[in-house]
């Protein structure tokens, strides 16, 4: 076997370690010195903070100072290749163990990089000698596929690295597999010191009560497809893009292939440069699409989870979450794809169409990772459910629409408060809709010169009308699909009728003079 020093070449990378990275490495090496040789240590650092740089330096230093071998585990082929390349840049000669790798020369290497399933097969077939592995590094350690391999390394030091120390399976908490968590630099600190870009968050409230939670604890693809392929949601997606990201490089995350294809068609018909990518694409197709995305300044790429890890494109200007998730890890992975900083980019947009900001807080809030690591079930059990979350929503007019109602001081109508007052006064709940129609008519008339202008403005109030009807039907606990649809249509008819019959009178009450003939 070659000594470890012979597999270390001159460090070729120009990546200087930052102080927080050096600090993390010192803490981890302290554990190597003080903890038992079979200790399981977990290290957390946000996406974009340089986890691969840190553990590559750890490998280099470990091999320089110890006569043991190192194994780095990943869960995706892209991460495998990226990790091997980074280790090479740090002067670490390494061997990738893939399905075609020849292992006859394994004794010439002190560092191996492998995917979980490939390594599992090689170990099961007794084709790899792991008797001298002193350190096992696990990238994206929150995935549970790694735990099946732990039994092979009962005498090795395990170092897991992740941006989110919360297991992808609530039944297999990370605290059961790791002895300790070291929390790295926070997102706010990385932003303040200009290592990460600042997220500019825009949230569009969405009704999610039709979504179904599956056995994995997240929303099912089928229920997400049903919601996000609807005309309303596709229109809202296009509108949010045009308001916040038009002409900018945009990455859209969806929960299903069907949804992503609908999104592709929607943007294509609108004349925007867009491509679709999912896990059925061939390597050649994927490479071509990502090259197009990288080289096209105003490119829109609609995808399905495939780009949440192992994908790094710093020129992304906007992330659109065209889905809801109950996974904190996925939430951070998706947004993290836009957080890379460049010479021309210090901020990026995040458009949320899944109430995710409300559920988890804005990306970059300083989360208590130690508490989440130690009590994951408590954290997950206390996530706000969708019904409670939506009950606190307040409809906000988009800026462009609000300009059309600039003469109105208040365009918001509190349906819940109106419902409580009607019950207190012993009135029929129908008065709520009557008062809402009067309010809508008033703001239309305040911003019109004649009844025709007012009727045109009323057509622009579709989202607000739908929001008020949905709040109303929740208050009266009667929300069958047919009833809600009928009520929305009936409301629009009554609003138009009210404007025709009362325009002159309301106009005079507002202005103190009748409208011009």
C-alpha long axis of helix 415-424 to longest principal axis of the chain, angle in °: 60
0 to 90° range, to nearest 10: angle between helix 231-244 axis and the chain longest Cα axis: 80
Mean separation of Cα contacts under 8 Å (6+ apart) over length of segment 4-185, as relative contact order %: 34
Highest-first arrangement of 228-234, 314-320, where packing means the average Cβ count within 10 Å: 314-320, 228-234
Proxy reagent accessibility, fewest Cβ within 10 Å first, across 224, 240: 240, 224
Distance between modelled label sites at residue 183 and residue 500, nm, 7 Å Cα→Cβ extension: 6.3
Rg(Cα) / (2.2 N^0.38 Å) computed for segment 399-511, rounded to two decimals: 1.07
Additional length obtainable on full extension of the chain from residue 380 to residue 509, 0.36 nm per residue less Cα span: 41.1 nm
The chain: relative contact order in percent, alpha carbon pairs under 8 Å with at least 6 residues between: 13
Using a Förster distance of 60 Å, the FRET efficiency for residue 484-residue 26 (Cβ separation, nearest 0.05): 0.50
Spin-label zone in segment 257-291 - amide nitrogen under 13 Å from a point set 7 Å from the Cα of residue 77 along the C-beta vector: 279-287
Beta bridges per DSSP with both ends in the chain, % antiparallel, nearest 5: 10
DSSP beta bridges in segment 190-371 [antiparallel fraction, %, rounded to 5]: 10
Kirkwood hydrodynamic radius of segment 240-330, Cα pairs, Å: 13.4
Two-decimal log10 I(q)/I(0) for segment 312-356, as the Debye equation yields it once each C-alpha is a single scatterer, q = 0.23 Å⁻¹: -0.76
Angle in degrees between helix 283-295 and the longest Cα principal axis of the chain, rounded to the nearest 10: 60
Exposure proxy order (Cβ contacts within 10 Å, fewest to most) of 298, 368, 139: 368, 298, 139
Computed label-point distance, nm, for sites residue 192 and residue 346 using a 7 Å Cα→Cβ extension: 1.6
Order of 210, 477 under a 10 Å beta carbon neighbour criterion, fewest first: 477, 210
Inter-probe distance in nm under a simple model that places probes 7 Å from Cα toward Cβ, at residue 368 and residue 39: 2.5
Taking the convex hull of Cα positions in segment 4-185, its mean projected area over all directions (nm²): 9.7
Extension gain (nm, one decimal) between residue 420 and residue 394, 0.36 nm per residue minus Cα-Cα: 7.7 nm
Segment 326-460, Rg to Rh (Cα coordinates; Rh as Kirkwood inverse mean 1/r): 1.11
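Readers should treat all values here as calculations from the given coordinates under stated rules, not as data from a laboratory. Quick caveat: nothing in here was measured; it's all calculated off a predicted structure. Because the Cβ atoms are built from the backbone with ideal geometry, glycine has one as well, and the counts that use them run over all protein chains shown.
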